[in-house]
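Just so you know, all these numbers are worked out from the coordinates, no wet-lab data involved. This structure is a prediction, so every number in the text was calculated from the model and none was measured. No Cβ is skipped: glycine too gets one built from the backbone with ideal geometry, and neighbour counts run over all protein chains shown.
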Amino acid sequence: MPNDKAAAPRQLSKRVQMGRFIVYVDQQAKSGFDTRDAAESEAARILKAFPILAVRVADIEDDSIRKLGPTKAKEEPEDSYPADAG
């Protein structure tokens, strides 16, 4: 007798409640808000708890994105290594 639970489709992630402003954490939509202030407040709360994450707030009506977290690793200058002595 087959297991009915195994045949049921599995939901991989919960749906994000849509709003004008979407909070993204490491390129994954996490939550939606109707106001920019609410979205930026949530983004700041996430960054305070997890400062290494890349957090962005996107405005879906005017296609703008505000980056609030780290964007890329700090690059070393090319001349950071000492020249050969001699």
Amide H contacts under 5 Å for ALA54, placed H, 5+ residues apart:
ASP26
Radius of gyration and Dmax for segment 15-67's Cα atoms, expressed in Å?
10.0, 29
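Taking the Cβ of each residue in ILE52, ILE60, ILE46 as the centre, tally the other Cβ atoms inside 10 Å and list the residues starting with the fewest. List each step's numbers first, then the result.
Details: ILE52 8, ILE60 13, ILE46 18.
Placing the least packed residue first, the sequence is ILE52, ILE60, ILE46.
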Quick one: which residues, 5 or more positions from GLY19 or on another chain, have an amide H under 5 Å from its amide H? H modelled 1.01 Å from N in the peptide plane, none for Pro or chain starts.
PHE33
Karplus (6.51, -1.76, 1.60) ³J(HN,Hα), θ = phi - 60°, over segment 20-35, in Hz, Gly and Pro reported as x
5, 10, 10, 8, 10, 10, 6, 6, 10, 5, 10, 7, x, 9, 7, 10
